[in-house]
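All remarks here apply to the structure that follows.
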Amino acid sequence: MAGPASYRVLLADDIVPQGIEILEAAENLEVDDRAGINASELAEIVGEYDALIVRSRTKVTKEILEAATRLKVVGRAGVGVDNIDVDVATRQGIAVLNAPGGNVISAAEHTIALMLALVRHISRADASLGRGEWERKRFQGIELYGKTLGLAGAGRIGSEVAKRARAFGMRIVAYDPYLSRERAEQVGIQLVTLPDLFEQADVISVHVPLTDETRGMIGSVELALMKPTAYLVNASRGGVVDEKALAEALRSGRLAGAALDVFEEEPVSPDNPLLGLDSVVAVPHLGAATREAQTSVSVEICGAVRDALVTRDFRSAVNVPELSSQQADLAPLLNIAHQLGRLLCGLTHGSYRDLEVRYGGAHEAALRAVAAAAAQGLLSDIVASPLTLVNALHVATDRGLSVSQVWLGGTAATGEVVELRLTTADDSLRVAGVLLAGNHPRITRIGDYRVDIQPRGTILVLRNRDVPGVVGKVGSVLGDAGVNIAEYHQARQEAGGEALAAIAVDGCVERPVIETLEALDDVIGVWQIELPEAVESVVATQGRLEEGG
Ligand code: NAD
């Protein structure tokens, strides 16, 4: 016989029976289905529960979380956690879990549906017949068979689209600079450059996350490279495609048509220029709107909440690191590992193959967490779902990036040392940092150059020929643009060769200023990298989970 339930789970929104069964099958979980409960009732009773599961309807606000004195886990049946105050949850030691995998198939099928609707003019033909017309010539389309599909982003959804498109007899090329060649081969995708993608594809389908790098990634320059007979499909995120440039390209016949599931502004405004165009198929963000996706996110989140409560598996958490409360003092070490990962991400392009994480210092047991923090930093601007110290190594492996860990032994005299060596398909780069006196991080190496700079805020990395006057010119450009330099470290290997400068500045440097720097004589390249603090705020979480029996 099952012993007394030790965890109580509250369902505040509709969760499918298959999900509820998963929770009920666990010996020590008791489930209370109060789907549709209003905010004030929820605030009244939430204090009696260990876990709360919601969809998008219930807002898990600061007030609710403050009343949730026993809560350890909030589960969101879906990907976005915008309806949950994650910062407050984190501060209170409550893990927030999501279900990122549940809608991959639906989004992929939807992309194929849009592609077919587009090339066969389904929506216009349907509307025309609805008006009593019988227009067969006007709606002549093209076959997908034998055509080239160009994927921008080939992660979970992109690869599923590739599988389905192959069944149509399409050739698949993709631009995804972060995907390993081995992984691309496994899913039958040929990796190409961005210009090649646009030049070769008959249909471009976009599957990247919205990041600083992908915002506006498809604008007038890229659209101008496309064949005039080509089509564009976007079921990723609004903002990746520049809508004004797309409307212009369609109006001028630069492009045959576009199918859009997502928009810069949602709900989309009725006067959006794309809505009126004949060559556009537009639908209101329906990628995940299937019965199965709704079921599978329910099932996924119920499994994840069970695992978190029963076996302490926090793989689905968007805010919990794999730290015990005793290890909370590792936060500065994990921060530098994370920031070095971000630095590598900003400095490299090319499909990632291996990441070697080398750590020397007082805490040998922290090696895995250091590796997770580095992988999180490297991938966090690249993958669509939230990355944490718990899931970063799993996500890296799933993407074909192998992460190895090397213990360098105790190096107490010099502080703690973290070095990351990244190998991509074409290149390799190492970066290193130290943590001095337990809490003073410095970046100490970029490639073959020894530097010494604090990892904080915005860093410019500048490669130049080692000739007189470059430092002064760079300083003047930044000064004229009102950019304040906090630290400037110039490094070189030999006089008259190449040099590298690591420059910490206050605030963000606008693109035109970077271009002015790039145009200076003797400057070879300029990279801007943001290094936010990453893990400090989240280490409190594990405490409540450990307490809560
Ligand atoms: P994923 O993280 O599995 O894959 C994203 C891929 O994009 C990765 O392989 C990554 O390497 C690549 N990438 C990142 N930056 C890039 C860049 N600058 N250039 C080229 N490639 C880059 O994500 P996913 O689950 O496949 O989701 C893809 C997109 O679909 C996301 O934007 C997600 O929000 C969206 N989505 C939409 C719906 C919908 O209803 N329409 C549903 C689910 C997901």
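The values are calculated or read from the model by the stated rules, or taken from the named source; none is laboratory data. Being a predicted model, the structure only gives us computed values, none of them experimental. Glycine also receives a Cβ, built like all others from the backbone with ideal geometry; neighbour counts cover every protein chain displayed. Heads up: the accessible areas ignore ligands, DNA and RNA and are worked out on the full protein's heavy atoms, side chains in. Shrake-Rupley method; radii C 1.70, N 1.55, O 1.52, S 1.80 Å.
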Fill in: Cβ-derived FRET efficiency at R0 35 Å, Thr397 paired with His363, nearest 0.05
0.90
Worksheet, complete the sentence: Here region 158-168 yields Karplus 3J(HN,Hα) values (6.51, -1.76, 1.60; θ = phi - 60°; whole Hz; Gly and Pro given as x) of x, 5, 5, 5, 4, 4, 5, 5, 4, 5, 8
Worksheet item: Round to a whole number: what % of the accessible area of the chain belongs to carbon and sulfur, probe 1.4 Å?
Response: 49 percent
Worksheet, complete the sentence: Proximal lysine pairs in the chain, meaning Cα under 28 Å and 8 or more positions apart or interchain, come to 9
Item to complete: Run the quick spin-label model on Arg70 and Lys227: label points 7 Å from Cα toward the beta carbon, then report their separation in nm to one decimal.
Response: 6.4 nm
Worksheet item: How many times 2.2 N^0.38 Å is the alpha carbon radius of gyration of region 42-87?
Response: 1.03
Worksheet entry | Spacing of the two label points (7 Å from each Cα toward its C-beta) at Arg492 and Ser40, in nm | 7.3 nm
Worksheet, complete the sentence: Taking a ≥ b ≥ c as the square roots of the eigenvalues of the Cα gyration tensor, with a/c under 1.5 meaning rounded and otherwise prolate when a/b exceeds b/c and oblate if not, region 457-531 is prolate
Item to complete: State the antiparallel share, in %, of DSSP beta bridges confined to the chain, rounding to the nearest 5.
Response: 50 percent
Worksheet item: With every protein chain present, what is the per residue accessible area of the chain (1.4 Å probe, Å²)?
Response: 44 Å²
Practice prompt. Note down the net charge around Thr516, summing +1 for each Lys or Arg and -1 for each Asp or Glu among other residues with Cβ under 15 Å from its Cβ.
Written response: -4
Worksheet, complete the sentence: Rounded to one decimal in nm, the spacing of the 7 Å Cα→Cβ label points at Ser6 and Ala167 is 4.5 nm
Item to complete: Pull out a ≥ b ≥ c, the square roots of the eigenvalues of the alpha-carbon gyration tensor of the chain, then state rounded if a/c is under 1.5, prolate if not and a/b is larger than b/c, and oblate in the remaining case.
Response: oblate
Discussion item. Could you work out [θ]222 nm for the chain from helices alone, using -39500 (n - 2.57) per DSSP H run of at least four and dividing by all its residues? Round to the nearest 500 deg cm²/dmol.
Written reply: -9000 deg cm²/dmol
Worksheet item: Gain in length, Glu133 to His349, computed as 0.36 nm per residue apart minus the alpha-carbon separation, to one decimal in nm?
Response: 72.5 nm
